[in-house]
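Novice: Handing you this structure, nothing more for now.
The values are calculated or read from the model by the stated rules, or taken from the named source; none is laboratory data. Remember, predicted model here, so these are calculated numbers, not experimental data. In this analysis, Cβ positions are derived from the backbone assuming ideal geometry, glycine residues included, and neighbour counts consider all displayed protein chains.
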Amino acid sequence: MTAETTSTVALITGANKGIGFATARALGTLGWTVLASARDKGLGQQAEQELRATGTDARFVRLDVTDADSVAAAARWIDKEYGRLDVLINNAGITRGDWGKTPSGTTMDDLREVFETNMFGVVTVTNAMLPLLRRAPAARIVNVSSEIGSMTAQSDPASPLCQLPASVPYPASKAALNMVTVMYAKELRDTPTSARPT
């Protein structure tokens, strides 16, 4: 049975730590209902308890952005419980300890692993949640990116980012995510749903 709620319902991927957890806590102070997703059930439930202790209306949702079945199950659960989704925050992301590797030393396994979460996962989750987002009066999709994915900053000798070691997986995944965000924004520009990077 669908829960009756007049509050804003937000799904945050990777909400059990870091930026995702901090975002969940901040949205909780606004009175939002926060669906805090995580791959690991134990860590996700712990995050839910910590958020609830601060007064946040938080519920753990098990969701692995690299597993289409897990994403679909999460979408079905949200549909059953809330019937809509007001905000999707694609926060889940990974980096690897490969900053010492040059582009020519990049392995395809490293590249695939990072892109699977940071870019493919965003598309998988967004597409699964779009029907729920379309039911909201003015839905928003927020993709958490990084300046590290900026080709302008990376190639500008005056930018601190240009001084970083040359590495491919994480910066390339964030650059790709930026383009994915632009394409969703173009598709959705004439609808009540909008997409933007942060």
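Novice: Identify, from the list T117, T95, the residue that is under 21 Å from K17 (Cα atoms), crowded, with 16+ Cβ neighbours inside 10 Å, in contact with a Phe, Trp or Tyr (Cβ under 7 Å, 6 or more places away or on another chain) and not acidic (D, E).
Specialist: Among T117, T95, only T95 is under 21 Å from K17 (Cα atoms), crowded, with 16+ Cβ neighbours inside 10 Å, in contact with a Phe, Trp or Tyr (Cβ under 7 Å, 6 or more places away or on another chain) and not acidic (D, E).
Novice: For D79, state whether it is buried (at least 16 other Cβ atoms within 10 Å of the Cβ), charged (D, E, K, R), at pLDDT 95 or above and not in a strand (DSSP E or B).
Specialist: So D79 passes the test.
Novice: May I ask you to list the residues in the stretch 139-166 that are among the aliphatic types (A, V, I, L, M) and surrounded by 12 or more Cβ atoms within 10 Å (Cβ to Cβ)?
Specialist: A139, I141, V142, V144, I148, A153, L161, L164, A166
Novice: Right, next: Could you list, in sequence order, the residues of the stretch 37-48 that are in contact (Cβ under 8 Å) with a residue 12 or more places away in the chain and in a helix (DSSP H, G or I)?
Specialist: Of everything in the stretch 37-48, those that are in contact (Cβ under 8 Å) with a residue 12 or more places away in the chain and in a helix (DSSP H, G or I) turn out to be K41, L43, G44, Q45, Q46, A47, E48.
Novice: Search the stretch 171-192 for residues that are charged (D, E, K, R) and pair each with any residue that is modelled with pLDDT under 95 and surrounded by fewer than 16 Cβ atoms within 10 Å (Cβ to Cβ) when their beta-carbon atoms are under 9 Å apart and the residues are at least 6 apart or on different chains.
Specialist: Hits for this filter: K174/E147.
Novice: Suppose we filter the stretch 154-198 for residues that are in a loop (DSSP other than H, G, I, E, B) and within 18 Å of the chain's Cα centre (by Cα); how many remain?
Specialist: Residues in the stretch 154-198 being in a loop (DSSP other than H, G, I, E, B) and within 18 Å of the chain's Cα centre (by Cα): 2 in total.
Novice: Pick from V61, V34: which is at pLDDT 95 or above, in a strand (DSSP E or B), surrounded by 17 or more Cβ atoms within 10 Å (Cβ to Cβ) and touching a Phe, Trp or Tyr at 6+ places or on another chain (Cβ under 7 Å)?
Specialist: V61
Novice: Let me confirm something: among L51, L27, which residue is in a helix (DSSP H, G or I), in contact with a Gly (Cβ under 8 Å, 6 or more places away or on another chain), surrounded by 21 or more Cβ atoms within 10 Å (Cβ to Cβ) and of a type in the set (A, V, I, L, M, F, W, C)?
Specialist: When all the criteria are applied, what remains is L51.
Novice: Being small (G, A, S), touching a Leu at 6+ places or on another chain (Cβ under 7 Å) and at pLDDT below 95 is the requirement here; does A153 meet it?
Specialist: Considered against the rule, which asks whether it is small (G, A, S), touching a Leu at 6+ places or on another chain (Cβ under 7 Å) and at pLDDT below 95, A153 comes out as yes.
Novice: To continue, here is another question. Working only within the stretch 122-153, note down all residues that are within 10 Å of the chain's Cα centre (by Cα), of a type outside the set (A, V, I, L, M, F, W, C) and under 14 Å from A75 (Cα atoms).
Specialist: Result: T126, single match.
Novice: Criterion first (over 25 Å from F120 (Cα atoms) and either surrounded by 15 or more Cβ atoms within 10 Å (Cβ to Cβ) or not charged (D, E, K, R) (or both)) does G14 satisfy it?
Specialist: It is false that G14 is over 25 Å from F120 (Cα atoms) and either surrounded by 15 or more Cβ atoms within 10 Å (Cβ to Cβ) or not charged (D, E, K, R) (or both).
Novice: If you don't mind, another one. If you check D109 against the conditions, is it in a helix (DSSP H, G or I), among the charged types (D, E, K, R) and surrounded by fewer than 12 Cβ atoms within 10 Å (Cβ to Cβ)?
Specialist: In short, yes.
Novice: Determine which member of the set T106, T54 is more than 15 Å from the chain's Cα centre (by Cα), farther than 30 Å from A166 by Cβ and at pLDDT below 95.
Specialist: It is T54.
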